[in-house]
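Student: My structure is below; once you've seen it, I'll send some questions.
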Amino acid sequence: MCGIIGCVLKDDEAVPVLLECLGKLEYRGYDSVGIAISANGIKVIKDQSKIHQFAKNPDLNELSGKSGIAHVRWATHGTPIKENAHPHTDCNNRIAVVHNGIIENFKELRVELQNSGHTFTSNTDTEVIPHLIEKYLDEGQNLEEAIYSTTQKLKGAYALAIMFVDEPNKIIGIRKESPLIVGKGNGENFLTSDVSAILSHTDQVIYLDNMEMAILDGNGVTIKNLDGDSITKEIHTIEWSAEMAEKQGFDHFMLKEIHEQPNAVKQTLMEADEINNIIKKFPKFNKISFVACGTSYHASLVGKYLFETLTGVPTDVILASEFEYSASTLNENTLVILISQSGETADTLKALRIANKKSHTLVIVNVVGSTATREADDVIITRAGPEIGVAATKTYVSQLTVIYLMAILMGGNDDLLKTLENMPDYMEEALKTEDQIKEIAGKYSKKTDFFFIGRGYSYPTAIEGALKLKEITYIHAEGYAAGELKHGPLALIDDDVPVVAVIPPGISRDKTLSNMEEVKARNAHVIALGSSADETLKSESDEFIGLPNEINEMFSPLPYVIPMQLLSYYISVERGLDPDKPKNLAKCVTVE
Ligand code: AGP
């Protein structure tokens, strides 16, 4: 949800370096893009375009400087037009600001500033920030004081990178709720929303906490607290390599990340000892609540079935955006498990803060150092590596792996560990369906509605399949518990609505097969996923995707999601879309 980057370098390469880093942040927003460079004044170039188009702007060739700030936008306030693109400046072009977050009280601030003579050129919430800094500078404050005074006026969330014409080659960053990370390189220092943007420059980072200010200049980096005192912060070494954030020969990040899933599960399985250490310290909980959004919510649903089956502890699953309305029964006997790929999702962070007040909290997160990892009581890191495609794939199976490990270890069912360890091999088998799925995608890519059905452990797989299809193909898709179809949605089924039926071997197989027959009786085309030994399913479905018979229902969410992801991916490509950058969406949703 917007990506910001700033750099202070030892040579005049700020433009190419910022463009390169911006490319890595594009998953955070791609409505518009902009850059400001300090070179005999502040020069701003911005446009409503994708980064690769923007990089061809001949005006950029005229720009050269050691320091600059840049931004990719995912619009919240103000349509995605050039005027609303960042950086935003004050009345006299002396201050430039890039912002990730939302300023909730911007309307009042804007009126106040306009009444005192400030002129605005955009409809964004962000533009009040350079004007406020301008106001405080005019009142005689120095730059740092003016930035602190400005933040005192702002309500909402922000990560800011700021330049001032009188102090060239200095970039100041400050954050509240939105992520901002300092990268310390060799004679080059960075501010970034996400470490993956700077991996080719440095692996040394400092995670800024709320209201800490980072000052980057020719001398290095200084971090100050709200009182203006310099503070010492821990420098972390990032384990991800620059190569991990590249496409490595795949057409899209999403396809690469789908193929990385067996390895993501293997890497995450290595966290078993760490997970065991965490759960050994737990007191006895009488309730578990999972809290998450989107795909992470679907992983949580698998968690409900698993925890109730393997630990016997009553478990519920709550959408993070609904959590504040249903948190009244929280107490110290509840374990709240929040799942988030990014660790920065605003809804999940809000739920975490509510839960922290009353219960023990555990977060399952992919991004080391993200806000969630710094606020929860316990943290488990999924070892998926950087996920760039907006549609979550390998982080989903890594989240599932942590959930399986936790449920197995907490329930004392260690004999199931061997079954879990076999899953990467079955996932490799599932990837072999790729050519068949590409063909199916070709046949069904022009449909306008899909249903995905499953029962028990296959219900989350069905709704995750539907979410993937909606996200990257823009086809309307409904994920449904198979048994619920007859309570309404069956009215929508006809020969033009394909139904994807998830039917692994297990106790739910016969009933879901009956539900499949019900949609067939309404002339639906059925794409079925099941055991390759299931002859009935094979003969009854229009398209049959067979997976190894050894995969039982309980573990099916791991391999069975792969054909779902591939189906959405190939339909998206077939429709001429970019699966990595679906319209209206961003990878990391830092607004409520
Ligand atoms: C998944 O494909 C989506 N992009 C989205 O639903 C995502 O899972 C959701 O926004 C939650 O993000 P998080 O895991 O980073 O908290």
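Student: Is it true that some residue in the range 217-233 is within 29 Å of Asn84 (Cβ to Cβ) and either in contact with a Ser or Thr (Cβ under 8 Å, 6 or more places away or on another chain) or part of a loop (DSSP other than H, G, I, E, B) (or both)?
Tutor: no
Student: Which of (1) within 11 Å of the ligand (Cβ to nearest atom); (2) outside any loop (DSSP other than H, G, I, E, B) does Leu405 not meet, given it meets every other one?
Tutor: (1)
Student: Whether any residue in the range 301-315 is within 14 Å of the ligand (Cβ to nearest atom), within 23 Å of the chain's Cα centre (by Cα), farther than 23 Å from Pro179 by Cβ and surrounded by fewer than 24 Cβ atoms within 10 Å (Cβ to Cβ) is what I want to check.
Tutor: yes
Student: State yes or no: is Ser568 within 16 Å of the ligand (Cβ to nearest atom), of a type outside the set (Lys, Arg) and surrounded by 18 or more Cβ atoms within 10 Å (Cβ to Cβ)?
Tutor: yes
Student: State which residue is surrounded by the fewest Cβ atoms within 10 Å (Cβ to Cβ) when the search covers only the range 338-356 and only residues that are near the ligand (Cβ under 9 Å from one of its atoms) and polar (S, T, N, Q).
Tutor: By that ranking, first place goes to Ser342.
Student: Take His118 and decide whether it is of a type outside the set (Ser, Thr, Tyr) and crowded, with 21+ Cβ neighbours inside 10 Å.
Tutor: It is false that His118 is of a type outside the set (Ser, Thr, Tyr) and crowded, with 21+ Cβ neighbours inside 10 Å.
Student: What pairs can you find where one residue is in the range 336-354 and within 16 Å of Asp378 (Cβ to Cβ) and of a type in the set (A, V, I, L, M, F, W, C), the other is within 7 Å of the ligand (Cβ to nearest atom) and in a helix (DSSP H, G or I), and their Cβ atoms are less than 9 Å apart, with a gap of 6+ or different chains?
Tutor: Leu338/Ser296; Leu338/Thr348; Ile339/Ser296; Ile339/Thr348
Student: Restricting to the range 176-192, and then to whatever is among the aliphatic types (A, V, I, L, M) and part of a strand (DSSP E or B), can you tell me which residue is surrounded by the most Cβ atoms within 10 Å (Cβ to Cβ)?
Tutor: The selected residue is Leu191.
Student: Look at the range 7-33 and say how many of its residues are small (Gly, Ala, Ser), crowded, with 24+ Cβ neighbours inside 10 Å and either at pLDDT below 95 or closer than 20 Å to Gly101 by Cα (or both).
Tutor: 2
Student: Ala407 fails exactly one of the following numbered conditions: (1) in the same structural domain as Val291 (by TED's automatic domain parsing); (2) surrounded by fewer than 24 Cβ atoms within 10 Å (Cβ to Cβ); (3) within 27 Å of the chain's Cα centre (by Cα). What is the number of that condition?
Tutor: (2)
Quick grid of which residues meet (1) assigned to a loop (DSSP other than H, G, I, E, B); (2) in the same structural domain as Ser193 (by TED's automatic domain parsing); (3) buried (at least 24 other Cβ atoms within 10 Å of the Cβ):
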{"site": "Ile69", "(1), (2), (3)": "no, yes, yes"}
{"site": "Thr76", "(1), (2), (3)": "yes, yes, no"}
{"site": "Thr79", "(1), (2), (3)": "yes, yes, no"}
{"site": "His86", "(1), (2), (3)": "yes, yes, yes"}
{"site": "Asn93", "(1), (2), (3)": "yes, yes, no"}
{"site": "Ser122", "(1), (2), (3)": "yes, yes, no"}
{"site": "Pro168", "(1), (2), (3)": "yes, yes, no"}
{"site": "Ile174", "(1), (2), (3)": "no, yes, yes"}
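Student: Have a look at Gly389, Gly412, Gly385, Gly442 and point out the one that is in a loop (DSSP other than H, G, I, E, B) and surrounded by fewer than 17 Cβ atoms within 10 Å (Cβ to Cβ).
Tutor: The match here is Gly412.
Student: Next question, about the same structure. Based on this model, can you work out whether Tyr426 counts as in a helix (DSSP H, G or I), crowded, with 17+ Cβ neighbours inside 10 Å, of a type in the set (Phe, Trp, Tyr) and more than 17 Å from the chain's Cα centre (by Cα)?
Tutor: So Tyr426 passes the test.
Student: Here's a follow-up. Out of Ser289, Ser321, Ser328, Ser359, which single residue is assigned by TED's automatic domain parsing to the domain that holds Glu274 and within 15 Å of the ligand (Cβ to nearest atom)?
Tutor: So the residue among Ser289, Ser321, Ser328, Ser359 that is assigned by TED's automatic domain parsing to the domain that holds Glu274 and within 15 Å of the ligand (Cβ to nearest atom) is Ser321.
Student: Can I ask one more? If Phe282 passes every condition in (1) within 16 Å of the ligand (Cβ to nearest atom); (2) touching a residue at least 60 places away in the same chain (Cβ under 8 Å); (3) over 14 Å from Leu405 (Cα atoms); (4) not charged (D, E, K, R) but one, which one does it miss?
Tutor: Failing condition for Phe282: (1).
Student: Please find, among Tyr396, Tyr474, the residue that is within 15 Å of the ligand (Cβ to nearest atom) and at positive phi.
Tutor: Residue meeting the stated conditions: Tyr474.
The values are calculated or read from the model by the stated rules, or taken from the named source; none is laboratory data. All of these numbers come straight from a predicted model, not from anything done at the bench. Every residue, glycine among them, receives a Cβ derived from its backbone with ideal geometry; neighbour counts consider all protein chains shown.
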